[in-house]
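Below is one structure, written out as structure tokens, with a few remarks after it.
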Amino acid sequence: MLVLMNFARLAVGFEGLGIMEAATRLATSYAKDRVTMGKTIDRHEMIADILEYMDLWTRGVRALLFYGAEVTEMSQRWEQILKFDPPADEQARAELEHKVAKLARTARNLTPLCKYIASEKAVELARLSMQVLGGAGYTTHCAVERYWRDARLTKIFEGTSEIQRRIISDNLLGKPDNQFGN
């Protein structure tokens, strides 16, 4: 069950990343075309700062999610090797067991963090994209309005953001497994 929850949290995190990417691209594209006060709004300092912030968080969350996915995948891969093709040498087996335990612990710590940060930032970046688009971003015919609604759901799927924060704090405090899937 824990493995399933880890992968599900990562999947929701990647959904949030997709929303972040789409919202950032839409805001950037719009800002490059929208002219006010004699220049495109991407050249206005405050809008440029927003676009840079959106890009920075999109790239940062992507890196975190790929790291989380790699650790989770490697944890599963080495666990399967240990289960179905363990080393004959006792010391090698003990080292592999230690490696599997460490990877599993890291995955358990990373996946709620990945889901939490990606979900929270997806909502924030969708809102910022809506802000860059101004009144056009608020209307239902604009994709950013849907991004914002979809981003809100990522905070609920596979455990709410509040549950993820609880798991993260329990993991940091070294508390034993809790009822929320970690």
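The values are calculated or read from the model by the stated rules, or taken from the named source; none is laboratory data. What you see is a predicted model; the values in this text were computed from it and never measured. Don't worry about glycine lacking a Cβ; one is built from the backbone with ideal geometry, like all the others, and counts go over all protein chains shown. In case anyone asks, the SASA skips ligands and DNA or RNA and just uses the protein heavy atoms, side chains included. Shrake-Rupley method; radii C 1.70, N 1.55, O 1.52, S 1.80 Å.
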| Which value at 222 nm does the chain reach when only helices count, each DSSP H run of 4 or more adding -39,500 (n - 2.57), with the total divided by all residues and rounded to the nearest 500 deg cm²/dmol? | -28000 deg cm²/dmol
| field | With Cα atoms, 0 to 90° folded angle of helix 2-33 axis to the chain main axis | value | 20 degrees
| For the Cα atoms of the chain, what angle does the longest principal axis make with the long axis of helix 45-84, in degrees from 0 to 90, nearest 10? | 20 degrees
| query | Using the heavy atoms of the protein chains alone and a 1.4 angstrom probe, what is the accessible area of the chain per residue in square angstrom? | reply | 57 Å²
| request: Mind pulling the angle between the C-alpha long axis of helix 161-172 and the longest principal axis of the chain? Nearest 10 degrees, somewhere in 0 to 90. | output: 40 degrees
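Using R₀ = 35 Å, calculate the FRET efficiency as 1/(1 + (r/R₀)^6) where r is the Cβ-Cβ separation of Ser169 and Gln131; round to 0.05.
0.65
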| task | Quick one: among Asp55, Asp85, Asp42, which has the greatest mean-square fluctuation in a GNM of the chain with alpha-carbon springs under 10 angstrom? | result | Asp85
| said: Suppose R0 equals 25 Å. What FRET efficiency, 1/(1 + (r/R0)^6) with r the Cβ-Cβ distance, do Glu73 and Lys32 give to the nearest 0.05? | reply: 0.10
| request: Extending each Cα 7 Å along its Cβ direction at Leu4 and Ala63, get the distance between those two points in nm, one decimal. | output: 3.4 nm
| How much of the accessible area of the stretch 1-121, in percent, comes from carbon and sulfur atoms when a 1.4 Å probe is used? | 59 percent
| How many nm is it between the label spots at Thr139 and Met46, if each spot is 7 Å from the Cα in line with the beta carbon? | 2.3 nm
| task | Any lysines with Cα under 22 Å of the Lys155 Cα? List them, leaving off those in the same chain fewer than 8 positions away. | result | Lys115, Lys121
| said: I'd like the Kirkwood hydrodynamic radius of the stretch 64-182, using the inverse of the mean 1/r over distinct C-alpha pairs, in Å. | reply: 16.7 Å
